[in-house]
Amino acid sequence: MTRGNSRYMPTPRLLDDSKNIVGESPLWHPEEGSLYWTDVNGFSIHRYRLQSGEKKCWSFGEPVCALPSPPPLIEYSWHWDRG
């Protein structure tokens, strides 16, 4: 991306200091305007809504390694049958 005659590099900023053990698999959800990611060893999925700054975390009893693409729009759909 350029601005004028020089290259424009936006300054990175910390969105959420969630202290993840192994935070990875970032996934942008354009309809929600949200960033999702997993904390593999923290057994959780995180969501950050860019416009409001709202944060949400779902905890599980085992490692969470990946997210569906796109992630579900509704919170109660975070359920996988382990049977």
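Read-outs throughout are calculated quantities, based only on the coordinates presented, and are distinct from any laboratory measurement. Note that this is a predicted model, so its numbers are computed, not measured. Using ideal geometry, Cβ is built from the backbone for each residue, glycine included, and neighbour counts are taken over all protein chains shown.
For the reader, a short list of remarks on this structure follows.
- Taking every C-alpha pair closer than 8 Å and separated by at least 6 residues, the mean separation divided by the residue count of region 1-70 gives a relative contact order of 24 percent.
- Pairs of Cα atoms farther than 13 Å apart, region 18-63, %: 51
- Note on residue 14 and residue 57: the extension gain reaches 13.8 nm, defined as 0.36 nm multiplied by sequence separation minus the Cα-Cα distance.
- This model, with +1 at the C-beta of Lys and Arg and -1 at the C-beta of Asp and Glu, gives region 18-63 a dipole about its Cα centre of some 180 debye.
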